[in-house]
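Here is the structure we will look at.
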């Protein structure tokens, strides 16, 4: 059964960073509930995650993952990698596969290099070398990435492509939308959100004039 997650999220592995992006609509069935919902979340200062699926399940998983990441870094006295976070998340989901959390997540991190992982509802873990998408707007977003991705993307180009992919999902998927796009970048200097003013200009730039 295909899970209808009602969102569009994108992860792009660029030359020197990972870019995570999502639309901002939260829906209950066919009804939009919130047009400013945040779907890209900080786990540590070098690991971030996107959410698609049940909001309650997602929030519980994110709280749990943040707590585990703090314990990991205290006990090991080192930063948690994106791979470690994604592996832990996959183990939790797989252990609960008979009473599953209805979530699909992208994990992006940076310790020695950019890392991007897709984690499926039953604990499937896939390292993505280029890009990944989740949610009901995946098809148009994936087409945009297929046509425009380059291996040597700089940060600015990766952010623009992520916005373009999310906007493609919003145009063609009735469950994706919201007032804007949420984008987070993870690189060797840590994690930061792209300002709304900058994203608004990119949305205008990538939106077809017709």
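A short reminder: the numbers here are calculations on the coordinates, not readings from a lab. Here the structure is a predicted model, which means the values were calculated and not measured. Here the Cβ is made from the backbone with ideal geometry for all residues, glycine too, and neighbour counts use every protein chain on show.
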Quick one: give the max-minus-min coordinate of the C-alpha atoms of segment 42-146 along each principal axis, largest first, in Å. 42, 34, 19
If neighbour count is taken as other Cβ atoms inside 10 Å, put 30, 41 in order from fewest to most. 30, 41
Normalise the Debye intensity by I(0) for the chain, one equal point scatterer per Cα, no solvent, then take log10 at q = 0.17, 0.19 Å⁻¹ and round to two decimals. -1.13, -1.40
What is the spread of the Cα atoms of segment 131-210 along each of their three principal axes, largest first, in whole Å? 36, 27, 24
Inter-label distance for residue 66 and residue 102, nm, one decimal - labels placed 7 Å from Cα along Cα-to-Cβ: 2.4
Taking the Cβ of each residue in 7, 44 as the centre, tally the other Cβ atoms inside 10 Å and list the residues starting with the fewest. 44, 7
Extend 7 Å from the Cα of residue 204 along its Cα-to-C-beta direction; within segment 152-182, residues with backbone N under 16 Å of that point are 180-181
Report the calculated FRET efficiency for residue 34 and residue 74 (r = Cβ-Cβ distance, R0 = 35 Å), to the nearest 0.05. 0.50
By Cβ neighbour count within 10 Å, fewest first, 170, 201 rank 201, 170
